[in-house]
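Data block below; observations after.
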Amino acid sequence: MNRDQIVILGTGFQLLVHQKVYCTWEAYRQIDKTAPEAFGILIGGKSLDNEQYKLVEITEPKAGDLCSRTHFILKDPGHQFIVNQRHVDSKGELAYLGTWHTHPEDVPYASMTDIDDWKKCVKRNLDRQLFFVIVGLKKMVLYYYNENGLNRIEF
Ligand SMILES: [Zn+2]
């Protein structure tokens, strides 16, 4: 058991989530009745055979973003800045890997808005596998697309 990361088993791949990423998500759970929805970008890399992905960092809500209890609009350019910087610093190993956001429900399910948004993200990034995480009050969920469509894994 590696305590530095969480391993999520997908179909034909593993996603390794760094402990600090998981802890950050826990801190944004919308437990407080007035806590706003939080949203950010996933940054990570993959093995050459596409069998292992690692999620090493996430961006967090920033001053320039717009958020309410159930909505979030990423507006602050700081998110893209961080992704670009990590990409350069890692000599291309780390890149945009998807998005995460919170839901004020115990076990979160993707909304139609989420799915519409994810489909656009996938179309813009056909060169890579993307992941989408929803952080609920009790459970977190990983969504990803493969040849069978949209897949869902609770963790
Ligand atoms: Zn959502």
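Each value in this text was obtained by applying a stated rule to the coordinates, not by laboratory testing. These figures come from a predicted structure and were not determined experimentally. Every residue, glycine as well, gets a Cβ built from its backbone with ideal geometry; the counts of neighbours run over all protein chains shown.
What's the longest uninterrupted piece of the chain once you rule out the GluC sites (Glu not before Pro) that are loop residues per DSSP with at most 15 other Cβ within 10 Å? Intermediate values should be presented prior to the final figure.
Working: sites that count: 51, 93, 105, 147.
Between exposed loop sites, the widest span is 1-50.
Any idea what Rg and Dmax come out to for the stretch 5-154 if you just take the C-alpha atoms, in Å?
Rg then Dmax for the stretch 5-154, in Å: 14.6, 44.
Counting Lys and Arg as +1 and Asp and Glu as -1, what is the net charge of the other residues whose Cβ lies under 11 Å from the Cβ of residue 39? Display every interim value, and only then the final one.
Working: positive: 62, 75; negative: 37, 60, 65, 76, 114, 117.
Around residue 39, the surrounding residues sum to -4.
Once amide H atoms are placed 1.01 Å from N in the peptide plane, what residues at a sequence separation of 5 or more from residue 10, or on another chain, have their amide H within under 5 Å of its amide H?
Answer set, sorted by chain and number: 15.
Could you work out Rg/(2.2 N^0.38 Å) for the stretch 34-116, with Rg from alpha carbons only?
The stretch 34-116 yields a ratio of 1.22.
Dipole of the chain, Cα-centred, from +1 at each Lys and Arg C-beta and -1 at each Asp and Glu C-beta, to the nearest 20 debye? Each step should come with its number before you reach the end.
Values: 19 positive and 20 negative charges, 20 e Å.
In total the dipole reaches around 100 debye.
Given only helices, namely DSSP H runs of n ≥ 4 each adding -39500 (n - 2.57), what is the per-residue ellipticity at 222 nm of the chain, to the nearest 500 deg cm²/dmol?
Details: 3 runs with 35 residues, N = 155.
For the chain, the value works out to -7000 deg cm²/dmol.
Report ³J(HN,Hα) in whole Hz for each residue of the stretch 7-20, in order, from the Karplus equation J = 6.51 cos²θ - 1.76 cosθ + 1.60 where θ = phi - 60°; Gly and Pro get x.
These are the phi-based 3J(HN,Hα) values: 9, 10, 8, x, 7, x, 7, 10, 10, 9, 10, 4, 4, 5 Hz.
So, counting K/R as plus one and D/E as minus one, what does the shell of residues with Cβ under 14 Å around residue 19 add up to?
Around residue 19, the charge tally is 0.
Taking amide H positions as placed in the peptide plane 1.01 Å from N, state which residues far from residue 18 in sequence (5 or more) or on other chains have amide H under 5 Å from it.
6, 55
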